[in-house]
1. Given the condition over 30 Å from Ala339 (Cβ atoms), of a type outside the set (Asp, Glu), surrounded by fewer than 20 Cβ atoms within 10 Å (Cβ to Cβ) and in contact with a helix residue (DSSP H, G or I) (Cβ under 7 Å, 6 or more places away or on another chain), answer yes or no: does some residue in the range 210-223 qualify?
2. In the range 93-118, which residues are within 24 Å of Leu178 (Cα to Cα) and loosely packed, with under 15 Cβ neighbours inside 10 Å?
3. Would you mind finding the one in Ile83, Ile114, Ile49 that is over 25 Å from Gly149 (Cβ atoms) and of a type in the set (A, V, I, L, M)?
4. Which of the residues that make up the range 264-297 are among the hydroxyl-bearing types (Ser, Thr, Tyr) and part of a helix (DSSP H, G or I)?
5. Note down all Cβ pairs under 6 Å where the first residue falls in the range 270-292 and is over 18 Å from Met311 (Cα atoms), the second is assigned to a helix (DSSP H, G or I), and they're at least six residues apart or on different chains.
6. Please pick out the residue among Thr16, Thr45, Thr74 that is at pLDDT below 85, within 22 Å of Gly109 (Cα to Cα), of a type outside the set (Phe, Trp, Tyr) and not assigned by TED's automatic domain parsing to the domain that holds Gln110.
7. Which one of Gly194, Gly239, Gly226 is among the small types (Gly, Ala, Ser), surrounded by 20 or more Cβ atoms within 10 Å (Cβ to Cβ) and touching a Pro at 6+ places or on another chain (Cβ under 9 Å)?
8. Which ranges mark the strands (runs of 3 or more DSSP E) fully within the range 320-366 that have 1 or more residues being in contact (Cβ under 8 Å) with a residue 40 or more places away in the chain and surrounded by fewer than 23 Cβ atoms within 10 Å (Cβ to Cβ)?
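The values are calculated or read from the model by the stated rules, or taken from the named source; none is laboratory data. Computed from a predicted structure; not experimentally measured. Please note: Cβ atoms are built from the backbone with ideal geometry, for glycine as well, and neighbour counts cover all protein chains shown.
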Amino acid sequence: MQQKSKSDRARRELITRLRQGTYAPGARFPSTRQLAAELSLSYVTANNILRELERAGFLCRKPGAGTFVAAPGTAPQPRGMRIGYLVDVHESIFARFFSSVLACMPGTGQYDNIPLRMLPGRDDITAEEHAHWMEEIFQTPWDALVIYGDRHFPFREMAKYLDRIPQLNFVFHDDTELDFKYANRILIDPEKTGLTAGRHFLAKGRKKLAVFSLRVLDEIYRRRIGGTVSHHGIRIFNGLQKAYEEAGEDFFSLVRAIPLDDTLDAEKVCGLIRQGFTDFFVMGDSRAGSIYEAAGKTGLAVGRDIRILGMYNILESTMFQPPLSSISVHETRIGELLARAVCEKWHGKTIRVEPELILRESSPLE
């Protein structure tokens, strides 16, 4: 009862300030953390008060910007279901994914699909930056969150806010060791992706394969964010190994892993070619350019002497000369399923979307 009384006093105090003009209309309102410190409240209690003031029409929360004072007499406006997207929807396959979601949801204003600010996927992001990011996100109440759960996402920091997420959806990946029991997972199938790539190359008769893979994360960073050791890049290798084992070939002597990083260049690829590697699988189509450049430097023809297979089937795949073969993860299908998950209020469902080999001249059938 004491905590409830304290909460009521804080609410009345803030309403009095708002009515007396302590905060000017349109001005930024103190953050949840600032109010909690000023009024000696818990973070959760302060956030609940802000939500109540918003519903009462005193405040307006703007995703990614903060909380602002509404104009006097403004009545709370009915809103659609707020769905926040922690996915870079302006980039490549994620843009197509987001377009698919929007196309599959009713255009009645019932759903507000809101892309949110993303942090770069680097393991030099500090714990403080992750904490500030999550605090910024949860200034706004969400009916659902959609998360690109790759190995850089701060799963552990987000888990502190689980009581504020009615529906949680991981898309593409869920590279975490934490147990988000009620989350929906609409994911690519990394092992089948690796299996598809391995079978494709083995069917050609040549067996030495260079794989440009994801860089290993700093171990302290991985543990801090709650990432898993067996992230999707590792599971792709599991599929590759299975392809070699089912063909009776020695995976360990025939396959070379080269971490993708900013220092990857054509000279490194030329070195691999001199060692007898002429088949290349790249976990990300955009990185294939170094292999094309190396082929030109060594006088070899892509599609005949050098074979290249990418992943994600981005638009740029068709712009290489010759065009790049790639593995599609069917991002529009993931978008369709996500729209269903939100509209039908799924909880705890997992669906893996089958990859598809898209063959072009960089690695033809013959």
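1. Checking the range 210-223: not a single residue is over 30 Å from Ala339 (Cβ atoms), of a type outside the set (Asp, Glu), surrounded by fewer than 20 Cβ atoms within 10 Å (Cβ to Cβ) and in contact with a helix residue (DSSP H, G or I) (Cβ under 7 Å, 6 or more places away or on another chain).
2. Arg117 - this is the single residue of the range 93-118 that is within 24 Å of Leu178 (Cα to Cα) and loosely packed, with under 15 Cβ neighbours inside 10 Å.
3. The conditions single out Ile49.
4. Listed by number, the residues that qualify are Ser286, Ser290, Tyr292.
5. Close Cβ pairs satisfying both conditions: Cys270/Ala294; Cys270/Lys297; Cys270/Thr298; Ile273/Thr298.
6. None of the others qualify; the one that does is Thr74.
7. Gly239
8. Correct list: 350-353, 356-358.
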